[in-house]
1. Could you list all residues from segment 26-49 that are open to solvent by less than 50 Å² (accessible area, probe 1.4 Å), closer than 16 Å to Leu65 by Cα and out of contact with any Phe, Trp or Tyr (no Cβ under 7 Å at 6 or more places or on another chain)?
2. I need every pair where a residue in segment 62-80 that is farther than 10 Å from Arg20 by Cβ has its Cβ under 6 Å from the Cβ of a residue that is open to solvent by 70 Å² or more (accessible area, probe 1.4 Å), sequence separation at least 6 or different chains.
3. Modelled with pLDDT under 95, within 14 Å of the chain's Cα centre (by Cα) and either open to solvent by less than 60 Å² (accessible area, probe 1.4 Å) or not acidic (Asp, Glu) (or both), is that true of Gly61?
4. Name the residues in segment 1-25 that are at pLDDT below 95 and open to solvent by less than 50 Å² (accessible area, probe 1.4 Å), would you?
Amino acid sequence: MYSSGYCAFCRRAEALLAARGVKHIETLRVDRDPQLRAEMVRATGRRTVPQIFIDERHVGGYEDLAALDRDGSLAALLAN
């Protein structure tokens, strides 16, 4: 997950994933490394954080993650 230290949506995404049993979240802090931010933009086409990947699949930001959780799709993604 691309993240920054001051991002409330990043914390919410981490909390949601933890609540669904995710034990480890690789966090790439774009506020500490401009190259990571450029990498994130290239990979996602988006400039805001969080940008969340499950395995190699880009699922989007927090709102996208929460929508997947609401419709039941998140459980299937995490089961793989």
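1. Thr44
2. Tyr62/Phe9; Tyr62/Arg12
3. Numbers: modelled with pLDDT under 95: no; within 14 Å of the chain's Cα centre (by Cα): yes; either open to solvent by less than 60 Å² (accessible area, probe 1.4 Å) or not acidic (Asp, Glu) (or both): yes.
No, not satisfied.
4. Scanning segment 1-25 gives a single hit, Gly5.
The values are calculated or read from the model by the stated rules, or taken from the named source; none is laboratory data. Everything quoted here is computed from the prediction, not taken from an experiment. Please note: Cβ atoms are built from the backbone with ideal geometry, for glycine as well, and neighbour counts cover all protein chains shown. Quick note on the areas: whole protein, heavy atoms, side chains included, nothing else; ligands and nucleic acids left out. Shrake-Rupley method; radii C 1.70, N 1.55, O 1.52, S 1.80 Å.
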